[in-house]
Amino acid sequence: MVLGLFKSRPRLPVAPIEGMHAIGARSLPLRIVENARAKRLTLRIETGGKGLRVTVPPGIDPREVDRFLDRHRGWLETRLAKLPDDAALRPGVKLPVRGVPHLIVHQPGRGTVTVGAVEGEPALVVHGDGAHLQRRLGDFLKREAKRDIEILVAKHTASVGRRAKTVRYRDTTSRWGSCTSDGTLSFSWRIMMAPKTVIDYLVAHEVAHLKEMNHGPKFWALCRELCPRTDEARAWLKKNGGALQAIRFE
């Protein structure tokens, strides 16, 4: 419970309050933020299950926060159960590439990351010092993202008759992609762990913003025109995106 955070404080202050909140076997950082525009309490699991955030209206009774978290305990347990407890990459663990699990294999010696097979299973063979294995796998996904996404951007921009100013790749935690008003497209290279259909949807989504800078009916119609499996891909990303964000590459 978080009630102890508010001893001698009958009202929430403007500054965020931070503490810990136990959910099953996990104890997660909890951040409670007052927002003058909030009409109700909202709960968010931070990317990768790294913490919880509760946004509250001004002047709310602290006991309401406790009751709110209690009411959502089942939801939290279900969502957190889908996230890995140990998201560290190491030999013997499988890492998805375009939705296909690949066994991680380490081989000393010079080289980077190559795609191979072990006993008929897809594998990622990581060469070099084992201490750099995670970083090398991240670099591999960045290279794959640049190759695949640039092809998809060219395809979808040709369809909408608009040009992208530039394409950037980042390791963002709040969103999978973005499109600025000047036509700059940005993508999280982690999307390369998702199935091909989801990658295609993400690129179609951001390219559609070159023509429709909103999420209105025209935007979604264009998005589905570019990627007919948009609804399926959105559902997959909503369900599995947190687990991909939780994987550590450092």
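The values are calculated or read from the model by the stated rules, or taken from the named source; none is laboratory data. Computed from a predicted structure; not experimentally measured. Reconstructed Cβ throughout: ideal geometry from the backbone, glycine too, with neighbour counts over all protein chains shown.
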Answer yes or no as to whether Arg79 is part of a helix (DSSP H, G or I) and under 26 Å from Gly138 (Cβ atoms).
-> yes
In region 137-152, is there at least one residue being part of a loop (DSSP other than H, G, I, E, B) and touching a residue at least 12 places away in the same chain (Cβ under 8 Å)?
-> no
Which of the residues that make up region 48-67 are more than 17 Å from Gly241 (Cβ to Cβ), in a helix (DSSP H, G or I) and not acidic (Asp, Glu)?
-> Pro62, Arg63, Val65, Arg67
Scanning region 207-229 for residues that are surrounded by 22 or more Cβ atoms within 10 Å (Cβ to Cβ) and not aliphatic (A, V, I, L, M), which turns out nearest to Leu137 (Cα to Cα)?
-> Cys227
Could you count how many residues in region 18-60 are farther than 18 Å from Thr78 by Cβ, of a type in the set (Asp, Glu) and either modelled with pLDDT of 85 or more or within 22 Å of the chain's Cα centre (by Cα) (or both)?
-> 1
Can you tell me which of Gly242, Gly183 is within 29 Å of Val105 (Cβ to Cβ), in contact (Cβ under 8 Å) with a residue 24 or more places away in the chain and of a type in the set (Gly, Ala, Ser)?
-> Gly242
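Out of all the residues in region 175-206, which are part of a loop (DSSP other than H, G, I, E, B), of a type outside the set (Lys, Arg) and under 19 Å from Lys142 (Cβ atoms)?
Scanning region 175-206 gives Trp176, Ala194, Pro195.
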Yes or no: Arg170 closer than 28 Å to Arg248 by Cα, among the basic types (Lys, Arg) and buried (at least 16 other Cβ atoms within 10 Å of the Cβ)?
-> no
